[in-house]
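Accompanying notes for the structure given below.
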Amino acid sequence: MKVSILASSSSGNSIYIEDGEFSCLVDAGLTGKKIIENLNKIDRDIKDVKHIFVSHEHIDHIKGVGVLARKYNIPVYANKLTWDNMNIGEIKTDLKFHFEKDEVRDFQGVTVSSFGVSHDAANPQFYTFERLGKKVSILTDTGYVSDKMIDNIKNSNTLIYESNHEENILLSCSYPWKTKQRILSDQGHLSNKDSANYLTKIIGDNTKNIFLAHISKENNTKELAYMTTRNILEEYGFDCEKNIKISDTDPDDPTNIVSVQ
Ligand SMILES: [Zn+2]
Ligand SMILES: [Zn+2]
């Protein structure tokens, strides 16, 4: 299995995953044009993408879904409540599929599972991808991490995982108090510190790669997300030098395409 985070931040998220015949996007929250460009940067073509899995209806996750599905005939998967709340224009019924929370399905030999998260959307869910004992899990856009979420993504080989904001920066920024409260709430986003603390319960012997995702452009920096995560993991005895590679993700540019090990 191979993965690239095509872009990630509060202004647009999309992840590319492939394995043999299987290839998909999880979310397409940038313009269709930008997603195509970023796929090209990792030598991939939108025409080869077979599925788009949607996590929730916020614009930073769905902006390009409708355009790409219509233009390239790509099937789109989301749960019913997300479909009901998603504004992506008309999608032909033969491209429109339900993928409910806690569902498990096989696509070209890859087992795709969904699990619920705590976020202020209709029915948000994220996904795990497994094949031949290798597992990729995605978790962003959640205000906290429940034991059930931990069970779903525990000991994944590769994690794409939220480190949204630095709490002090958020509290002192110019956002209205209501927006700050929303982000800090149980249905908002994870701070660097909370994210890293949960991570200590998620990492297992198989975990080799962690991509810090959904890093806020206004209330965080890649360095703060990285250093906070690393410091907390090392405090708990994890060896980030040898065993676990922590990488950041970028709002505009894709990460390298990496093999899941
Ligand atoms: Zn969201
Ligand atoms: Zn988001």
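Annotations for the structure displayed:
- Of VAL104, VAL67, all but one fail to be away from ligand 2 (no atom under 16 Å from the Cβ), under 20 Å from GLY12 (Cα atoms) and open to solvent by 60 Å² or more (accessible area, probe 1.4 Å); the exception is VAL67.
- Evaluating ILE35 against the criteria (1) open to solvent by 10 Å² or more (accessible area, probe 1.4 Å); (2) under 13 Å from LEU6 (Cα atoms) leaves one unmet condition, (1).
- Scanning the range 17-31 for residues that are touching a Leu at 6+ places or on another chain (Cβ under 9 Å) and open to solvent by less than 10 Å² (accessible area, probe 1.4 Å) gives ILE17, LEU25, ALA28.
- The residue of the range 39-64 that is nearest to ligand 2 (Cβ to nearest atom), among those that are within 14 Å of PHE99 (Cβ to Cβ) and of a type in the set (Val, Ile, Thr), is VAL54.
- Any hit, the range 98-117, residues being away from ligand 1 (no atom under 15 Å from the Cβ) and in contact with a Leu (Cβ under 8 Å, 6 or more places away or on another chain): no
- Of THR207, THR221, THR200, all but one fail to be open to solvent by less than 60 Å² (accessible area, probe 1.4 Å) and closer than 18 Å to SER10 by Cβ; the exception is THR221.
- When the criteria are applied in full, ASN164 fails the requirement of being more than 23 Å from ILE257 (Cα to Cα) and in contact (Cβ under 8 Å) with a residue 60 or more places away in the chain.
- Scan of the range 121-139 for residues that are touching a Ser or Thr at 6+ places or on another chain (Cβ under 8 Å), surrounded by fewer than 22 Cβ atoms within 10 Å (Cβ to Cβ) and of a type in the set (Gly, Ala, Ser), ordered by number: ALA121, ALA122
- For the residues ILE215, ILE210, ILE169, the requirement of being hydrophobic (A, V, I, L, M, F, W, C), at pLDDT 95 or above and over 30 Å from ASP102 (Cβ atoms) singles out ILE169.
- Where a residue in the range 21-35 is over 24 Å from SER113 (Cβ atoms) and its partner, wherever it lies, is assigned to a helix (DSSP H, G or I) and not charged (D, E, K, R), with Cβ under 6 Å and at least six apart: GLY32/VAL67; GLY32/LEU68
- The set of residues in the range 140-167 being under 22 Å from MET1 (Cα atoms), of a type in the set (S, T, N, Q) and either more than 16 Å from ligand 2 (Cβ to nearest atom) or surrounded by fewer than 17 Cβ atoms within 10 Å (Cβ to Cβ) (or both) consists of ASN152, ASN155, SER156, ASN157, THR158.
- For the range 54-66, the count of residues that are within 16 Å of ligand 1 (Cβ to nearest atom), of a type outside the set (A, V, I, L, M) and more than 24 Å from ASN220 (Cα to Cα) is nonzero.
The values are calculated or read from the model by the stated rules, or taken from the named source; none is laboratory data. On a predicted model such as this, the values are computed, not experimentally measured, just so you know. Heads up, the Cβs are rebuilt from the backbone with ideal geometry, glycines too, and the neighbour counts pull from every protein chain shown. In case anyone asks, the SASA skips ligands and DNA or RNA and just uses the protein heavy atoms, side chains included. Shrake-Rupley method; radii C 1.70, N 1.55, O 1.52, S 1.80 Å.
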